[in-house]
Every structure is written in C-alpha cells, then in structure tokens.
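Trainee: What follows is a structure written as structure tokens; I'll ask about it next.
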Amino acid sequence: MARHSATSSTRPTSTRPKGRATTTASSDDEWLTLEEVLKKLRVSRRTWDRWRERGEAPRAIQLPGDKGPYRIRPEWLQEWIDAREQAAS
C-alpha cells in the first residue's frame with residue numbers, strides 16, 4: 001500500500017520554471033559567454049586577446065580562478081558595437 005502525505009497533495013505547485021533564467025528575465029540576469037560573443041562578432045579568440053591587450057575589446061568581467069572565463073552583458077556588447085558603428089560613419 002502506497003503512503004501519501006496529506007500535505008503533499010494540498011501544497012500549491014509552483015509555475016515558476018526551475019534552473020536558469022528564462023527569456024522573460026531582465027537583462028540584469030543575462031550574461032554572454034566569451035564563446036557566444038566571438039560567434040556573434042565572427043572573430044577568433046586570438047583577435048579577442050589582442051583587443052584586450054590594446055584595451056579595445058568590449059567591456060567584460062573575468063570570473064575568479066586561474067584564467068577564469070569571461071562574461072559579457074548583452075548591453076555592454078551592444079554599446080561597444082554602437083560605438084564602433086558611430087566611429088565608422
């Protein structure tokens with residue numbers, strides 16, 4: 001005979017998805033990986049590293065650890081792209 005708790009059947013179920021933020025999350029919660037940025041810009045990691053050395057890369061943070069991964073907010077990337085487009089016109 002299966003035993004069921006009376007409280008488990010009366011608890012409301014959450015409709016909030018579990019795990020990472022959904023597409024409805026605010027941009028404050030969104031981060032791009034370096035790989036995503038490189039793909040969007042269609043540049044190599046070597047190009048990124050040169051830009052970083054020259055101070056020309058999009059704004060990014062590097063997570064802790066030995067050679068921690070970079071994270072870039074979508075709005076930082078867009079601001080960087082906009083600035084390049086404006087400089088080119």
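Trainee: Is it the case that ARG59 is in contact with a helix residue (DSSP H, G or I) (Cβ under 6 Å, 6 or more places away or on another chain) and either farther than 18 Å from GLN78 by Cα or at pLDDT 95 or above (or both)?
Mentor: yes
Trainee: Would you check which residues across segment 43-89 are of a type in the set (Val, Ile, Thr) and either under 13 Å from THR33 (Cα atoms) or surrounded by fewer than 10 Cβ atoms within 10 Å (Cβ to Cβ) (or both) and list them?
Mentor: Selection gives ILE61, ILE72.
Trainee: Let me ask something additional. So the check is Cβ under 9 Å with 6+ separation or different chains; which pairs have a first residue in segment 45-66 that's among the acidic types (Asp, Glu) and a second one that's surrounded by 10 or more Cβ atoms within 10 Å (Cβ to Cβ)?
Mentor: Taking only residues 6 or more apart or on different chains, the pairs are ASP49/ALA57; GLU56/ARG50.
Trainee: Then there's this: Return the total of residues in segment 26-66 being under 11 Å from the mean Cα position of the chain (by Cα) and in a loop (DSSP other than H, G, I, E, B).
Mentor: Residues meeting the conditions: 3.
Trainee: I'd like the full set of residues that are outside any loop (DSSP other than H, G, I, E, B) and free of Cβ contacts under 8 Å to residues at least 24 places away in the same chain, limited to segment 67-80.
Mentor: Within segment 67-80, TRP76, GLN78, GLU79, TRP80 qualify.
The values are calculated or read from the model by the stated rules, or taken from the named source; none is laboratory data. Keep in mind the model is a prediction, meaning the values are calculated, not measured. Every residue, glycine as well, gets a Cβ built from its backbone with ideal geometry; the counts of neighbours run over all protein chains shown.
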